[in-house]
Structure formats: C-alpha cells, structure tokens
1. I'd like to verify a number: residues in the range 48-69 that are among the polar types (S, T, N, Q) and either touching a Lys or Arg at 6+ places or on another chain (Cβ under 6 Å) or at pLDDT below 95 (or both), how many?
2. Just to be sure before I move on: is THR19 of a type in the set (Ser, Thr, Tyr) and surrounded by 13 or more Cβ atoms within 10 Å (Cβ to Cβ) in the structure I sent?
3. If you check ILE34 against the conditions, is it free of Cβ contacts under 8 Å to residues at least 24 places away in the same chain and under 13 Å from SER5 (Cα atoms)?
4. Going through the range 37-69 one residue at a time, which ones are in a loop (DSSP other than H, G, I, E, B) and either polar (S, T, N, Q) or without any contact (Cβ under 8 Å) to a residue 24 or more places away in the chain (or both)?
5. Restricting to the range 31-47, what's the tally of residues that are open to solvent by 60 Å² or more (accessible area, probe 1.4 Å), modelled with pLDDT of 95 or more and of a type in the set (Lys, Arg)?
6. Just to be sure before I move on: is THR28 within 15 Å of LYS66 (Cβ to Cβ) and at pLDDT 95 or above in the structure I sent?
7. I'd like to know if the range 1-15 contains one or more residues that are open to solvent by 80 Å² or more (accessible area, probe 1.4 Å) and touching a residue at least 60 places away in the same chain (Cβ under 8 Å).
Amino acid sequence: MPLNSMLEVSGLWANYGGTPILQGVDMTIAKGEIVGLIGRNGVGKTTTMRCLIGLRRATSGVIRLKGGS
C-alpha cells in the first residue's frame, strides 16, 4: 500500500445467492482524493459500498483502511 493511501481494495468478490455481483474489484484511493463510483444500474455500485462499510460480507478479497488489514 502506498504511503498516502487511505483505502486499498484488491480482488473484491461478492455474490447474492449464487450470482456473482463483484468480480475482482481493485482500487486505491489516496489521502485527499475525491472519488465517484459511477455506472449503469445493476453493475455493483451499491454492493461495493456495502462491502466497504461492512453491511455485506465479501466472498473474497482484501479491504485496507489507512494501511490496516
């Protein structure tokens, strides 16, 4: 993780039932960055946010906030 990273996500997968919704999401957000998550309906924006804040359990992957694990 770069020294100025606030959030790092790597290989994030999440399913609803047997349907994969997130398939290997990777992103790094640096300190001071403003980021928008955009896309058409049904592509996983809400599922991504739910995984990041802990409302949905990811099937696999790593989420690090401020360098933690």
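The values are calculated or read from the model by the stated rules, or taken from the named source; none is laboratory data. Just so it is clear, the structure is predicted and the values come from calculations on it, not from any experiment. As a convention, Cβ positions derive from the backbone with ideal geometry for all residues, glycine included, and neighbour counts pool all protein chains shown. All accessible areas refer to the heavy atoms of the entire protein, side chains included, with ligands and DNA or RNA removed. Shrake-Rupley method; radii C 1.70, N 1.55, O 1.52, S 1.80 Å.
1. First pass over the range 48-69, keeping only residues among the polar types (S, T, N, Q): 48, 59-60, 69.
Filter again for either touching a Lys or Arg at 6+ places or on another chain (Cβ under 6 Å) or at pLDDT below 95 (or both), leaving 69.
Total meeting the criteria: 1.
2. Working: of a type in the set (Ser, Thr, Tyr): yes; surrounded by 13 or more Cβ atoms within 10 Å (Cβ to Cβ): no.
Considered against the rule, which asks whether it is of a type in the set (Ser, Thr, Tyr) and surrounded by 13 or more Cβ atoms within 10 Å (Cβ to Cβ), THR19 comes out as no.
3. Numbers: free of Cβ contacts under 8 Å to residues at least 24 places away in the same chain: yes; under 13 Å from SER5 (Cα atoms): yes.
When the stated conditions are applied, ILE34 passes them.
4. If we filter the range 37-69 for residues that are in a loop (DSSP other than H, G, I, E, B), which is where we start, we get 37-44, 54-59, 66-69.
Of everything in the range 37-69, those that are in a loop (DSSP other than H, G, I, E, B) and either polar (S, T, N, Q) or without any contact (Cβ under 8 Å) to a residue 24 or more places away in the chain (or both) turn out to be LEU37, ILE38, GLY39, ARG40, ASN41, GLY42, VAL43, GLY54, LEU55, THR59, GLY68, SER69.
5. So the answer is 1.
6. Details: within 15 Å of LYS66 (Cβ to Cβ): yes; at pLDDT 95 or above: yes.
Considered against the rule, which asks whether it is within 15 Å of LYS66 (Cβ to Cβ) and at pLDDT 95 or above, THR28 comes out as yes.
7. Initially, the range 1-15 is screened for residues open to solvent by 80 Å² or more (accessible area, probe 1.4 Å), giving 1, 3-4, 13.
Now restrict to residues that are touching a residue at least 60 places away in the same chain (Cβ under 8 Å): 1.
Scanning the range 1-15 turns up at least one residue that is open to solvent by 80 Å² or more (accessible area, probe 1.4 Å) and touching a residue at least 60 places away in the same chain (Cβ under 8 Å).
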